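The values are calculated or read from the model by the stated rules, or taken from the named source; none is laboratory data. Model, not experiment: these values are computed from the prediction. All Cβ positions, even for glycine, are placed from backbone atoms using ideal geometry, and neighbour counts span all protein chains on display. Side chains are part of the model used for accessible areas, which takes the heavy atoms of the whole protein and leaves out ligands, DNA and RNA. Shrake-Rupley method; radii C 1.70, N 1.55, O 1.52, S 1.80 Å.
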Amino acid sequence: AQRVTQPEKLLSVFKGAPVELKCNYSYSGSPELFWYVQYSRQRLQLLLRHISRESIKGFTADLNKGETSFHLKKPFAQEEDSAMYYCALSSFTGGGNKLTFGTGTQLKVEL
Amino acid sequence: NAGVMQNPRHLVRRRGQEARLRCSPVKGHSHVYWYRQLPEEGLKFMVYLQKENIIDESGMPKERFSAEFPKEGPSILRIQQVVRGDSAAYFCASSLRDRGLGGANVLTFGAGSRLTVL
């Protein structure tokens with residue numbers, strides 16, 4: 001069975017400091033990983049996906065199959081980055097694009 | 001494009017009543033997913049539907065819960081004889097199809113329906 005683990009419920013950093021939100025997964029197949037973000041009073045939205053290998057809003061995430069990790073990183077945190085971040089894994093067992101989410105990490109960027 | 005529309009946004013029910021949550025997917029999307037978020041927990045997959053078909057309901061409780069996505073109209077998540085433990089936020093998402101050339105398709109989420117059972 002697939003599982004996504006986000007060990008930190010809350011991560012508090014100062015503005016301008018580096019950010020790393022941790023995500024580990026377990027999955028027997030070839031994983032497809034995503035990061036979704038939920039800003040205050042807004043709906044969940046895609047931030048980035050590993051298959052695209054892109055940087056969105058300064059965030060990057062590299063899939064490390066050896067460590068089964070997909071940590072989200074940003075070199076310099078901004079106040080507007082404060083939000084809830086969810087790591088998700090897409091699996092196709094049983095059919096369909098089923099996303100398994102982690103429990104989320106609340107990022108708080110302080111001035 | 002109105003995105004995924006869920007209603008009601010907030011629903012209060014007494015124990016034993018029925019709750020119906022509606023989800024209108026993005027126009028043109030034929031795949032709908034329902035997720036539940038309990039307090040202090042992440043999003044838990046419940047069910048995945050295409051038009052008139054349930055593809056994967058492995059996350060649905062065996063009793064009292066049902067979902068449908070008819071040919072016409074929104075997807076409905078129905079909870080019969082609600083109990084306090086059903087209190088949660090229920091999120092619907094939709095996608096164009098499950099997979100494209102770029103891999104798994106991105107899900108577009110609704111704002112959620114918050115169910116409170118008294």
Please work out if B:Ser95 is hydroxyl-bearing (Ser, Thr, Tyr) and either in contact (Cβ under 8 Å) with a residue 24 or more places away in the chain or within 21 Å of B:Arg22 (Cβ to Cβ) (or both). yes
Those residues of the stretch B:1-23 that are open to solvent by 50 Å² or more (accessible area, probe 1.4 Å), touching a residue at least 40 places away in the same chain (Cβ under 8 Å) and closer than 23 Å to B:Glu72 by Cβ come to a total of 5
Those residues of the stretch B:33-66 that are within 12 Å of chain A (Cβ to nearest Cβ) and in a strand (DSSP E or B) come to a total of 17
Looking at B:Asp56, is it out of contact with any helix residue (DSSP H, G or I) (no Cβ under 6 Å at 6 or more places or on another chain), under 17 Å from B:Arg9 (Cα atoms) and either of a type in the set (Asp, Glu) or without any contact (Cβ under 8 Å) to a residue 24 or more places away in the chain (or both)? no
Subset of the stretch A:63-81 (residues that are open to solvent by less than 10 Å² (accessible area, probe 1.4 Å) and in contact with a Gly (Cβ under 7 Å, 6 or more places away or on another chain)): A:Ala77
Restricting the stretch A:82-99 to residues that are modelled with pLDDT under 90 and open to solvent by less than 60 Å² (accessible area, probe 1.4 Å), the one farthest from A:Gln45 (Cα to Cα) turns out to be A:Gly95
For the stretch B:83-95 the number of residues that are over 17 Å from B:Arg9 (Cα atoms) and either basic (Lys, Arg) or more than 10 Å from the chain's Cα centre (by Cα) (or both) is 4
With criteria (1) within 14 Å of chain B (Cβ to nearest Cβ); (2) in a strand (DSSP E or B); (3) β-branched (Val, Ile, Thr), A:Ile51 comes up short on (2)
Considering (1) open to solvent by 40 Å² or more (accessible area, probe 1.4 Å); (2) assigned to a strand (DSSP E or B); (3) within 17 Å of B:Gly42 (Cβ to Cβ), say which one A:Thr60 fails and leave the rest. (3)
Filter the stretch A:14-41 for residues that are assigned to a strand (DSSP E or B) and more than 12 Å from every other protein chain (Cβ to nearest Cβ) and give the result. A:Phe14, A:Val19, A:Glu20, A:Leu21, A:Asn24, A:Tyr25, A:Ser26
How about the stretch A:14-37: which of its residues are crowded, with 18+ Cβ neighbours inside 10 Å and not charged (D, E, K, R)? A:Val19, A:Leu21, A:Cys23, A:Tyr25, A:Tyr27, A:Pro31, A:Leu33, A:Phe34, A:Trp35, A:Tyr36, A:Val37
Quick check on B:Ser30: is it out of contact with any helix residue (DSSP H, G or I) (no Cβ under 7 Å at 6 or more places or on another chain), hydroxyl-bearing (Ser, Thr, Tyr), touching a residue at least 60 places away in the same chain (Cβ under 8 Å) and more than 10 Å from every other protein chain (Cβ to nearest Cβ)? yes
